[in-house]
Amino acid sequence: MHRKSQIDVVSALSKELKNRSLDSFTRVDLNDYDDEGVIRKHISSKPGNYYLITQPHGNWTTIIELGVNTDEPFYLNELTTSLSQRLNTYALSFHLHDDDVLYYNLEYSGESIDGYNSNYQYFLNEVPDDSEILSQRHDVKTFIPILPVGKDILDFDAILNEGYWNAFDNNDLDEDGIPNNNSDNNYDVDEENRFFRIGKYLEIFSKTNYPFANWYINLSQLNLNSCYLLKAEKSGGLFSKLFK
């Protein structure tokens, strides 16, 4: 969430979760647990949805979806648009699928303004025509209002285009829509590394680091005591106060 406090983000998220029939909210005390203990003792074996909300880093407050353990699961990326509307700000969500393909959605005040798919062919059984591919292409101009000072939108675009999109521009996709790797071009991309570079370029955590690209092994890089771990679950209709 762009330029919003931790408490504002927690409040907005809780209201959205209530709309999804989760009506009991608890702040889990992190003082007595290390980063491994958070996962092991609170999340892996207990019902409920768990969200770690950081303190602001630069212009961004980040929500990490640590666990979804409900009978009718839904995921954080489904709430991004409504959260941006409720907070009247930019909301940027990421999803890294099996280290093979990276997605983002950028929302502003309830409107989806850009989306990204690092490999459009990945889930397709047939090769789409060029017009369909182009209709799915990202538009980095939407990031201009939130790009950190001193950063160039073309450099950001270059990170996004590595791999599939460069191959498309070079007319270098094979008959199955997969980039041709040859002596002149190597289109292989480590998607977790791309995710890290995107987060660092946008300074979502800092100018030099983006631990959220692999949050599970990087929780120790956060000051957990300053984070808010929200547990949300159904209470049978009884609404618990968010702050106790």
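Of note:
- Isotropic mean projected area of the C-alpha convex hull, the chain (nm²): 14.7
- Helix 6-19 and the longest principal axis of the C-alpha atoms of the chain enclose an angle of approximately 90°.
- Separation of alpha-carbon centers, segment 161-178 and segment 3-67, rounded to whole Å: 39
- Total lysine pairs whose alpha carbons fall under 28 Å of each other in segment 96-244 (8 or more apart, or interchain): 8
- Hydrodynamic radius by Kirkwood, which averages 1/r over all alpha carbon pairs of segment 1-124, in angstrom: 15.7
- Across all Cα atoms of segment 157-221, the radius of gyration (one decimal) and Dmax (whole number) stand at 14.8, 45 Å.
- Straight-line cross-link reach from residue 41 at under 18 Å between alpha-carbon atoms covers these aspartates and glutamates, not counting any fewer than eight positions away in the same chain: 29, 32, 65, 233.
- Pairwise Cα inverse-distance average, inverted: Kirkwood Rh of segment 45-99 (Å): 12.8
- To put it simply, the accessible area of segment 15-139 at a 1.4 Å probe is 39 percent carbon and sulfur.
- When the chain is described by a simple charge dipole with +1 on each Lys and Arg Cβ and -1 on each Asp and Glu Cβ, the residue from 204, 79, 235 located farthest towards its positive end is 235.
- Radius, Kirkwood style, for segment 1-61 when every pair of distinct Cα atoms is counted (Å): 13.1
- Relative to the current alpha-carbon distance between residue 111 and residue 192, full extension at 0.36 nm per residue lengthens the span by 26.4 nm.
- Cα-only Debye scattering, segment 136-188: base-10 log of I(q)/I(0) at q = 0.15, 0.16, 0.19, 0.30 Å⁻¹: -0.50, -0.55, -0.69, -1.15
- Compared with the dominant principal axis of the Cα atoms in the chain, helix 191-201 is inclined by about 80°.
- Treating each Cα of segment 102-244 as one equal point scatterer and applying the Debye formula with no solvent, the log10 of I(q)/I(0) at q = 0.10 Å⁻¹ comes out as -0.49.
- Spacing of the two label points (7 Å from each Cα toward its C-beta) at residue 103 and residue 169, in nm: 2.4
- Here segment 87-166 is treated as a sphere whose radius is the Kirkwood value from Cα pairs; by Stokes-Einstein at 20 °C and 1.002 mPa s it diffuses with a coefficient of 154 µm²/s.
- Listed values for segment 163-168 are Karplus-derived 3J(HN,Hα) couplings in whole Hz (6.51 cos²θ - 1.76 cosθ + 1.60, θ = phi - 60°), namely x, 4, 6, 5, 4, 4, and x replaces Gly and Pro.
- Phi to ³J(HN,Hα) by Karplus 6.51 cos²θ - 1.76 cosθ + 1.60 over segment 147-158, Hz, x for Gly, Pro: 6, x, 4, x, 9, 10, 4, 6, 5, 4, 4, 4
- Sites residue 20 and residue 139, calculated FRET efficiency, Cβ-Cβ separation with R0 41 Å, nearest 0.05: 0.85
The values are calculated or read from the model by the stated rules, or taken from the named source; none is laboratory data. In this text the structure is predicted, and so the values were computed from the model without any measurement. Here the Cβ is made from the backbone with ideal geometry for all residues, glycine too, and neighbour counts use every protein chain on show. These area figures cover heavy atoms from the full protein model, side chains too; ligands, DNA and RNA do not enter into them. Shrake-Rupley method; radii C 1.70, N 1.55, O 1.52, S 1.80 Å.
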